[in-house]
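Notes for the one structure printed next.
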Amino acid sequence: MIVLVFVLSLLAAMALGMPIAFALMVSSMAMMAWMDIFNAQILAQNMLSGADSFPLMAIPFFVLAGELMNAGGISRRIVGVAGAWVGHFKGGLGYVAIFACVIMASLSGSAIADTAAVAALLIPMMRKAGYNMPRASGLIASGGIIAPIIPPSIGFVMFGVVANVSITSLFLAGIVPGLLMAIALVGTWMFQAKRDDMPRGEKATMQERWSATFAGVWALLLPVLIVGGLKGGFFTPTEAAVVAVFYAVFVGFVVYRELKVSQLYALLLAAGKTSAVVMFLVAAAQVTAWLIAAANIPMVVADLLQPLVGSPTLLLLVIMLLIVVVGTALDFAPTILILAPVLMPVVRMAGIDPVYFGVLFIMNNAIGLITPPVGTVLNVVAGVARERLESVIRAVLPYLAAQLGVLLLLVLFPQIVLAPLRFFLR
């Protein structure tokens, strides 16, 4: 019954238009009232402890790094590198978009910020070149959801804290799955480009290619710095976020000289607003997580899934289907904060590697960013492109199917995730 109280109170609060953080607090109060332990101190203490976490400090720093990189000209140079090397192929700007999304993903880890940056740069170029704009928007949205998978990832930070899983291991385990998502998009776009005879740009000379690569080398070095630092044990994920900020400041001010002191206040304010929303959500979810544990809900779920515990693959398929359904209604962060504490005991009971599950969990949540009706990333791209959301939803379906295909592949073949992880951790 306590599960029903939690779900109904949460849905009722959301139906009234409450922000997710406040809806979580309402559901927590409803659970406390049902359990007859209502106490404002439980709310206050758990919210404070929820936000008081060293690993969570990585979130505001990665958000700030993303803002600094976009303002400092790094995003534009990444697009320039991709355009110089693959822009002359049929449908070349689509490949540029995928490449740019992968590199941007390895810089900030925020799907919405990365997608908005790539869309703002490429949508005007694709429109001018005569591309089908809903399809181009769908491709960029699908490329944008790679951001939570390739390190650094804000989603992995949140999952690691909530599920008590090594964030460094999650970062390293996400590299191959993220690249597979990009390859799936390349294959899908290649098929469409040949079928529809998409336009192609002029082929750059070798001198122009190397010039563009040299101009973007500072942007391309940051992923190497972060992954190398994590693998070598030189810094933690939180410290990596600070390194990313200092690197973005150095490149923006000293190397590219496009970042101005007058911009810093606006960038800090934007990063602060985004971070405040995420951190308040995490704090509110901590209350819910404490009550979920107190009400023994994980054991209730474990009992429901007990027949599947002996078959890890079947259990994973059921859980992934559940997350796909939840992802159509809930946004990225709430899904992590609500479901991770409930599902992790079942996952551990079935003997599934927590890091492997974390990668699948975050990938599935990322896919939820392009599934209607919520589809936050879809809304962002549709807004930037000034296209009707319905048209973008129809256009994104082939790419959505490709990403779900990658997810299914990883469920069926866990070693695709685990073998590279063991290599990186050696």
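The values are calculated or read from the model by the stated rules, or taken from the named source; none is laboratory data. These figures come from a predicted structure and were not determined experimentally. Here the Cβ is made from the backbone with ideal geometry for all residues, glycine too, and neighbour counts use every protein chain on show.
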| field | Filtered residue count, the range 69-86, keeping only those that are surrounded by fewer than 21 Cβ atoms within 10 Å (Cβ to Cβ) and farther than 23 Å from E202 by Cα | value | 1
| query | Out of the range 152-176, which residues are within 17 Å of A419 (Cα to Cα) and either surrounded by 24 or more Cβ atoms within 10 Å (Cβ to Cβ) or outside the structural domain of A283 (by TED's automatic domain parsing) (or both)? | reply | L170, F171, A173, G174
| remark: Pairing a residue in the range 260-287 that is farther than 27 Å from A30 by Cα with any residue that is acidic (D, E), where Cβ atoms lie under 9 Å and the two sit 6 or more apart in sequence or on different chains, gives A266/E67; L267/E67; L268/E67; A270/E67; A271/E67; T274/E67
| Out of D331, D353, which single residue is surrounded by 18 or more Cβ atoms within 10 Å (Cβ to Cβ) and among the acidic types (D, E)? | D353
| query | In the range 230-254, how many residues are of a type outside the set (S, T, Y), over 14 Å from I154 (Cα atoms) and touching a residue at least 12 places away in the same chain (Cβ under 8 Å)? | reply | 9
| remark: Expected single match for closer than 26 Å to G187 by Cβ and among the β-branched types (V, I, T) among V26, V102, V5, V63 is V102
| query | Within the range 25-46, which residues are within 22 Å of L11 (Cβ to Cβ) and either among the small types (G, A, S) or modelled with pLDDT of 85 or more (or both)? | reply | M25, V26, S27, S28, M29, A30, M31, M32, A33, W34, M35
| Tally of residues being closer than 25 Å to R386 by Cα and among the hydroxyl-bearing types (S, T, Y) across the range 133-166 | 2
| query | With (1) more than 30 Å from A215 (Cα to Cα); (2) in the same structural domain as V278 (by TED's automatic domain parsing) as the list, and V79 as the residue in question, which single condition is left unmet? | reply | (1)
| said: Kindly evaluate N364 against the criterion of being in contact with a Gly (Cβ under 8 Å, 6 or more places away or on another chain), of a type in the set (S, T, N, Q), within 18 Å of L330 (Cβ to Cβ) and part of a helix (DSSP H, G or I). | reply: yes
| message | When you check T313 against the structure, is it surrounded by fewer than 19 Cβ atoms within 10 Å (Cβ to Cβ), closer than 30 Å to L122 by Cα and either in contact with a Pro (Cβ under 9 Å, 6 or more places away or on another chain) or not assigned by TED's automatic domain parsing to the domain that holds S27 (or both), yes or no? | response | no
| Considering the range 391-405 alone, what residues qualify as being over 11 Å from I145 (Cβ atoms) and surrounded by 17 or more Cβ atoms within 10 Å (Cβ to Cβ)? | S391, V392, I393, A395, P398, A402, L404
